[in-house]
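To start, the structure under review is shown below, and the notes come after it.
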Amino acid sequence: MELAPDETTAPNLFDLNGRTLFFTPDGRGGYSRSVRAVEWEDDIGPAVADGAEISFDGFSFDFGGRAWTSFYVSSRGVLTFGERLRYSHEGPNRGDTMRQIRTKMVTTPTISVLHKPLLGGFWGGHGNRLHVASSTDRVVVTWISHEPDYYPHGVPPERPTRLQTVLAADGSVRFSYRDVSFRDGNVGLFADGRVVKGRLIGRIVDGADSNLPGHLDLLEAAIYESNTDAVILEFTMRGSIGTPPAGSVYSYRFHFDTDQPFWTGLDFSDIDLTWAIDVTDTGERWVWGSGVGGPMQSDGDNRISLLANLGELQGAPSAVIGDVAEFDSVSWVGGQVSPPATIRMPVIARTDLSRSDSRSSSRQSEMFHYQAVPDLRSVTCRVVESLGDEFDMLVFHSEFRIDHQESTTPFVGYTANSAEGLGLDLYGDPPCGRRLKGRFALPVWMRASAVLDSSQTGGRRFDHGRSLFAHEFIHTWTARLSYVRRGMREPLFGDYCQCHWREELHAPAAFPWRPEHPGPMSIMGGTHWIENSNGTFTPQRGYFEGGPSWLDLYAMGLAAASEVPDMFILRNPEPVREGEWWGPHTGDREWVSIEQVIAAEGPRKPSARNAQKNFNTGFVYLVAPGETPDNEMLRLHAQHRERWSSTGTTSLAGDPG
């Protein structure tokens, strides 16, 4: 399927390989820039640890209006001043694009040589090395790294990526690039940690409504310029926002539509993008939406604001509407929709770091990114409209990379089509048709390691592509189950998305992919706790050796409740030796039975005897607008489909039976 031009954006790919950028300070906080053939320092010094503090030897370094005596190094391609890099790829940040990441970098004085959250891999291993050489007139920092998530089918390039920066006593900065195999990242000088509100771009104004509580009565939603490449969105309420009651969330949202107004009948399916900030019952403020960076400090308890990158909104007149709501668990409690308006967003000039510039500027940064994530919701509807309502699941592969840091994908489930007794949030029906139970949330690049056929590459025995399929498909039914403990309902799930088994849960794979492995855990999370002779427990997380647990099979309708053995939760686990997370742990083992799960959720309906056993999956291969499929990649797509079709039961449950 060829994407429509408005379903993605053009990439801006890294073009500094083999070059050195030289930033010369002007003494007033700005820099001029020259571009040269690569000038590489061969003395890279000893290896240092991620997050190490490096002191300047005999001089201080002027940056962001302050003389610094030290800085912190990060294996992710950046230096920070005053504090270590705060951004973490894990948790709610896992889906961030380069636009969002760049916006979050402006709150700390930062020198970004080439920041990628997954530089060196998810855990920063894979040969990721960081070196520092110091002298009395300069410090040289060198990164030697890889991008393993996106190795073409798990095969690394012959030469690792090498990045280098030199901080000199005269305040100048050099960036040098050799053998950079990846094409995205954030590069530049982020000297000023302060974000200042500037000129008003546009606003929505609404009258007071005495029938609403003050925290839900929106008076104004305004967008302002800032001293960064991002804008500030500020909500003003009639009353104090405060902290929601337990189990509730306040959500403040701003919706954009660049093609036609969506407010006729409030058809929110036509929204192009949303910027939002949520207030949780712990007082935390979470931001989300395309281009959103982070929450901002506001000058009153009735105001709440966030920082966001304009991205594709630049220069476009956008139909906008504000939306304020309070949710109790997943239910809408109350709220307000503002009157609509039209706002034309400004165009922010892009800095081209590949060109020299004699003019001084405090903005010296460029964002390199792949194509924007396509709207797979609309693509799903095109598939159903073209081929009929014939699919239980849709898998999306693509011939192109997208602006996303992982080579895998989350799952979008339509739990109204699943089953009863599973504790699932009701996301409702699919956007088109009635049969679909779920789909990939992102297209997966066909050459990524997540579509790896290890039998062809000589890699590990487990096929990553089939594990991804199995894991996401099983999300149709798990992991949102709870159990009754001491008369109270308690979740068996945890983590940032509340969609995988909690780490303390021991629910091993029923038919593991590699039964000889010491810790074949559930493919949906948890930990395989091995009991030692002295009563301690050692964690083994054999994710790639595992498969569905009996609890997973029950939720899927592939096992009766009577077949599910007791599980246990290791409460209060603590390593015997402080900081040794993979060694023996103390803890209190608490057994959990399927009867306790049924007491919390009710029995599964339909039961295993009557549950669906045959499923039809559509494999959709996406090409960029104006492109035709690459025959080799299309062949790989077909191989992957056939490999799953012929061995799907084995991948899901280990045993072909």
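The values are calculated or read from the model by the stated rules, or taken from the named source; none is laboratory data. As the structure is a prediction and not an experimental result, all values here were calculated from the model. Ideal geometry is used to build each Cβ from the backbone, glycine not excepted, and the neighbour counts take in all protein chains shown. In case anyone asks, the SASA skips ligands and DNA or RNA and just uses the protein heavy atoms, side chains included. Shrake-Rupley method; radii C 1.70, N 1.55, O 1.52, S 1.80 Å.
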Using the Karplus equation 6.51 cos²θ - 1.76 cosθ + 1.60 (θ = phi - 60°), what ³J(HN,Hα) coupling, rounded to whole Hz, does each residue of region 490-500 give in order, writing x for Gly and Pro?
9, x, 8, 9, x, 6, 4, 9, 6, 9, 9
Excluding residues on the same chain fewer than 8 positions from K605, give the lysines whose Cα lies under 23 Å from its Cα.
K437, K613
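By average Cβ neighbour count within 10 Å, what is the ranking of 619-626, 286-293 from highest down?
286-293, 619-626
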Sequence-separation-based contact order of the chain, relative, with Cα cut under 8 Å and 6+ spacing, percent:
12 percent
With every protein chain left in place, what is the accessible area of L273 in Å² (1.4 Å probe, nearest 10)?
20 Å²
Top to bottom by accessible area (1.4 Å), largest first, where do M1, M488 land?
M488, M1
For region 285-355, which trypsin sites (Lys or Arg not before Pro) are both in a DSSP coil and crowded by at most 14 other Cβ atoms within 10 Å?
R350, R355
Quick one: accessible surface of I204, probe radius 1.4 Å, all protein chains present, in square angstrom to the nearest 10.
10 Å²
Just to confirm, what accessible area per residue do you get for the chain at 1.4 Å probe, in whole Å²?
43 Å²
How high is the FRET efficiency from N227 to C497, r the C-beta distance, R0 41 Å, rounded to 0.05?
0.75
Ranking by accessible area, most exposed first, for C432, C497 with a 1.4 Å probe
C497, C432
Rg and Dmax [Cα atoms of the chain; Å; Rg one decimal, Dmax integer]:
26.2, 77
When the helix-only estimate is applied to the chain (DSSP H runs of n ≥ 4, each -39,500 (n - 2.57), divided by the residue count), what is the mean residue ellipticity at 222 nm, nearest 500 deg cm²/dmol?
-3000 deg cm²/dmol
Keeping all protein chains in position, work out how much accessible area F56 exposes to a 1.4 Å probe, and write it in Å² to the nearest 10.
20 Å²
Of all the accessible heavy-atom surface of the chain, with the other protein chains kept in place and a 1.4 Å probe, what percent is carbon and sulfur?
48 percent
